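Asks: Quick one: this structure, given as structure tokens, is what I'll be asking you about.
Readers should treat all values here as calculations from the given coordinates under stated rules, not as data from a laboratory. Treat the numbers as computed from the prediction; the structure is a model and nothing was measured. Every residue, glycine as well, gets a Cβ built from its backbone with ideal geometry; the counts of neighbours run over all protein chains shown.
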Amino acid sequence: MAVEKVVFGRDVYGLQEIKKAAYRFIDKFSIDIELSDSKIECSLNFLKSDQSDAFWVDEFKKEVLDQDLRQRIKLETEPVRNLILAHAFSKSRLIDK
Amino acid sequence: MSKFQQINFYQSKSAAYKLLPFRFARLDGDKYFLSNMVGEYLILNRNSLDKAVNHKLNSLDQTYIDLRARQFIQDESNSVAFDLLAIKTRTKFSRLSNFTSLHIFVVSLRCEHSCPYCQVSRQSEDKGKFDMTEKIADRAIDFVFKSPSQVIKIEFQGGEPLLNYPLIQYVVEQAKKINITECRNLDFVIATNLALITPQILSFCLQHGIHISTSLDGPEDLHNTNRPRKEKNSYQKAIKGIELARDILGRDRVSALMTTTEASLGRGGEIVDEYIRMGFNGIFLRALSPYGFAIKTKSFAAYQTDKWLEFYRSAMEYIIQLNKDGIAFQEYGSSIILAKMLSARDPGYVDLMNPSGMGIAAIVYNYDGSVHPSDESRMLAEMGDNTFLMGNVLKDSYEDVFSSNSFLDPLEASMTTSVPMCEECAFEPYCGSDPVYHYAMHQDFIARKPDSGFCQKNMGIFKYLVEKMESDPYVKRLFRSWANLK
């Protein structure tokens, strides 16, 4: 089984975003994550794949970046999302019943 | 000096906008697909997405205007965005409190066909063993009218339902009698292969406004391969039956559905041509069913999904070209998704609902009185797995059946807003969940989405539809018409 190491700075990315990104590739590789003071070290253990390991390492890095952006949108919009949902169902029969 | 202010005067202060909730997915290359909680969407490149999230957009940018128009951002000029999102969200979920409009009666498990993919038919002539009785039908009709839905459709299925035609007559007459006081919008459909159809049966259908839904898998050789009969005449019977039914009921009361088998893959154009030859205005390109060969060999599933997507895309290209050539024809599965993408309307298609449409959109009363939340879960039960069995009309009340754990547990698990990967998926507003499929394939109501053929198939369709719309203005107009938006 081929193993590729990918290292992220802890002050750049969060552990949750890296885990979420890794989940999306659960059919391509398994992952071991180790934390140090300043780094998050990921060992990607590749299963059989139709693409090269380098391709999936690259995709994983892009996905971590996307997850970071998603997290920022989520943090900024979560209160308003909850408010919209509360407002949407406040007068509906879904709750009245 | 001009009497008018420069355009910059009207510009919002930089970063004076708020983000509203939205999600995004990477398409090919630098393109990103953004959708908000009610399914409004926009395509942006990475740079514009970053600028939007970092509050760096100028209010005169086209991206800013597009994001604001679709309620991805809010500034002082669109304070109504909040209310619009709430109203659209409520509209999308309003169907939930009026549940179960489709009631499927499996009036007989017997069939005179012997289709290899079918898990539910029996060749037996033993009527007592495999036909629904009036006693069971009476109890099932009670259940039908306990549903909150104002719109009720009773569909007769099999096996071949016409092998128990007297019971169909009985159910129609009893339901119509009850409906005199219930005043629901009551409709009936017989799903039949038409091999046993007669003018007398069709006269009854005409009298009671019953629709006919039949099977047409494509050209003669394909249809007869998929649907073997001793006499090797399934296709001829279907064509003759369609023509007879149209003569008596009218064209609008007769529809056809195809079943995709491995033999269908690669023959999309021929199948579409057969539907056009028979005067149909569209087709539903249905996916391969996992109940049968695929369920026994899980590794087969992903391979099959790829092959099916290839089949779908190729048939869609053919259909789009037909429309460009002046032949109006649509693909109904895509139309359902496009209605969700391009409007706040949810057509309520069982496989694309959140929570799942099982039991909520449709329910199945089997010949023996057992109640199942979907046709697929009935098939699973016929294969010996009763995980989704809700109860039996002969011994359980409506309340017992709808509060059974075998129904509520998978339904609760099917909320896509709390499923890993679905909750952050930009295509979630158009998708749904299928606990029966995932249980059948992965022994888990949810399953890991990267391994899911259901996810792979739907993502393939969504991306195809978006890319076609974005790359060809004609296709965008065509798809809007399919979604009933002229």
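Asks: Can you tell me the 0 to 90 degree angle between the C-alpha axis of helix A:53-90 and the longest principal axis of chain A, rounded to 10?
Replies: 10
Asks: Determine the percent antiparallel among the DSSP beta bridges restricted to the protein assembly as shown, to the nearest 5.
Replies: Numbers: 31 of 58 bridges.
Of all bridge pairs located within the protein assembly as shown, approximately 55 percent are antiparallel.
Asks: Then there is this: If you take the beta carbon distance between B:Tyr474 and B:Asn98 as r and set R0 to 51 Å, what does 1/(1 + (r/R0)^6) give as a FRET efficiency, to the nearest 0.05? Please report the intermediate quantities before stating the final value.
Replies: On the way: r = 38 Å, r/R0 = 0.74.
My answer for the efficiency is 0.85.
Asks: Follow-up. Out of every Cα pair in segment B:125-186, what percent are spaced more than 13 Å from each other?
Replies: Details: 1198 of 1891 pairs.
In whole percent, the share of Cα-Cα pairs in segment B:125-186 beyond 13 Å is 63.
Asks: Sticking with this structure for a sec: Ranked by Cβ crowding within 10 angstrom, fewest neighbours first, how are B:Val106, A:Val3 ordered? Please list the in-between numbers first.
Replies: Numbers: B:Val106 26, A:Val3 12.
Going from least to most buried by this count: A:Val3, B:Val106.
Asks: Mind running the shape call on segment B:21-101? Use the C-alpha gyration tensor, a ≥ b ≥ c as the square roots of the eigenvalues: rounded below 1.5 for a/c, prolate if a/b tops b/c, oblate otherwise.
Replies: Working: a/c = 3.56, a/b = 1.57, b/c = 2.27.
It comes out oblate by the Cα gyration axes.
Asks: Scan around B:Arg110 for amide H atoms under 5 Å from its own, H built in the peptide plane at 1.01 Å from N, and keep only partners 5 or more places away or cross-chain.
Replies: HN-HN under 5 Å from B:Arg110: B:Arg122, B:Glu160.
Asks: Moving on. Which longest uninterrupted range of chain B lacks any GluC sites (Glu not before Pro) assigned by DSSP to a loop state (not H, G, I, E or B) and surrounded by at most 15 other Cβ atoms within 10 Å? It would help to have the intermediate numbers written out before the result.
Replies: Details: sites that count: B:Glu125, B:Glu231.
Longest site-free region, per DSSP loop and neighbour criteria: B:232-486.
Asks: Could I have the simple spin-label model distance between B:Ile87 and B:Ile65, label points 7 Å from Cα toward Cβ, reported in nm to one decimal?
Replies: 2.3
Asks: Extending each Cα 7 Å along its Cβ direction at A:Glu76 and A:Lys61, get the distance between those two points in nm, one decimal.
Replies: Taking the two extended label points, one gets 2.6 nm.
Asks: Also, I was wondering about something else. For chain B, what is the largest minus smallest coordinate of the Cα atoms on each principal axis, given in angstrom and ordered from greatest to least?
Replies: Its Cα atoms span 93, 50, 47 Å along the three principal axes.
Asks: Can you work out the PRE-style zone for B:His55? Point 7 Å along Cα to Cβ, and I want the residues of segment B:66-91 with backbone N under 17 Å.
Replies: B:68, B:72-78
Asks: List B:Thr305, B:Thr387 from most exposed to least, where exposure is judged by having the fewest other Cβ atoms within 10 Å.
Replies: On the way: B:Thr305 23, B:Thr387 16.
Neighbour counts put them in this order, fewest first: B:Thr387, B:Thr305.
Asks: Looking at the P(r) of chain A, how many percent of alpha-carbon pairs lie beyond 24 Å?
Replies: Working: 1827 of 4656 pairs.
Considering chain A, 39 percent of its Cα-Cα pairs are separated by more than 24 Å.
Asks: For the protein assembly as shown, what does the helix formula give at 222 nm: sum of -39500 (n - 2.57) over DSSP H segments with n ≥ 4, over the residue count, nearest 500 deg cm²/dmol? Don't skip to the answer; put the middle values down first.
Replies: Numbers: 22 runs with 257 residues, N = 583.
After summing the helix terms and dividing by residue count, I get -13500 deg cm²/dmol.
Asks: If you bin every alpha carbon distance in the protein assembly as shown into 20 Å steps from zero, what whole percent lands in each bin?
Replies: 18, 50, 27, 5, 0
Asks: Next up: Can you tell me how much longer the chain between B:His208 and B:Gln150 gets when fully stretched, taken as 0.36 nm per residue apart minus their C-alpha distance, in nm with one decimal?
Replies: Values: separation 58, 0.36 × 58 = 20.88 nm, distance 1.88 nm.
Here the answer is 19.0 nm.
Asks: Would you give the gap between the C-alpha center of segment B:17-57 and the C-alpha center of segment A:1-19, rounded to a whole Å?
Replies: Centre-to-centre distance over Cα atoms comes out at 24 Å.
Asks: If you don't mind, there's one more thing I want to ask. List every residue whose amide H lies under 5 Å from the amide H of B:Ile73, counting only residues 5 or more places away in sequence or on a different chain, with H placed 1.01 Å from N in the peptide plane.
Replies: Here B:Leu20, B:Arg68 satisfy the definition.
Asks: ³J(HN,Hα) across segment B:392-400 via Karplus (A = 6.51, B = -1.76, C = 1.60, θ = phi - 60°), whole Hz, x for Gly/Pro?
Replies: Residue by residue, segment B:392-400 yields 9, 4, 6, 10, 10, 7, 4, 5, 4 Hz.
Asks: Ignoring solvent entirely, what values of log10 I(q)/I(0) come out of the Debye formula for segment A:1-49 at 0.17, 0.19, 0.27, 0.33 Å⁻¹ when each Cα is a single scatterer?
Replies: So the normalised log intensities are -0.47, -0.58, -1.02, -1.28.
Asks: Take B:Met341, B:Met459 and order them by how many other Cβ atoms sit within 10 Å, fewest up front. If you can, show how the numbers build up before the last one.
Replies: Numbers: B:Met341 21, B:Met459 18.
With the sparsest Cβ surroundings first, the list reads B:Met459, B:Met341.
Asks: Using amide H atoms built in the peptide plane, which far-off residues or other-chain residues are under 5 Å from B:Phe156 H to H?
Replies: Here B:Phe105, B:Val189, B:Ile190, B:Ala191 satisfy the definition.
Asks: Would you be so kind as to identify all helices of chain B, as entire DSSP H runs, whose Cα atoms reach 24 Å or more along the helix's own axis and whose mean Kyte-Doolittle hydropathy is at least -1.0?
Replies: Numbers: long enough: B:165-182 (26 Å, -0.15); B:300-324 (36 Å, -0.40); B:453-471 (27 Å, -0.22).
Span-like helices, by this rule, are B:165-182, B:300-324, B:453-471.
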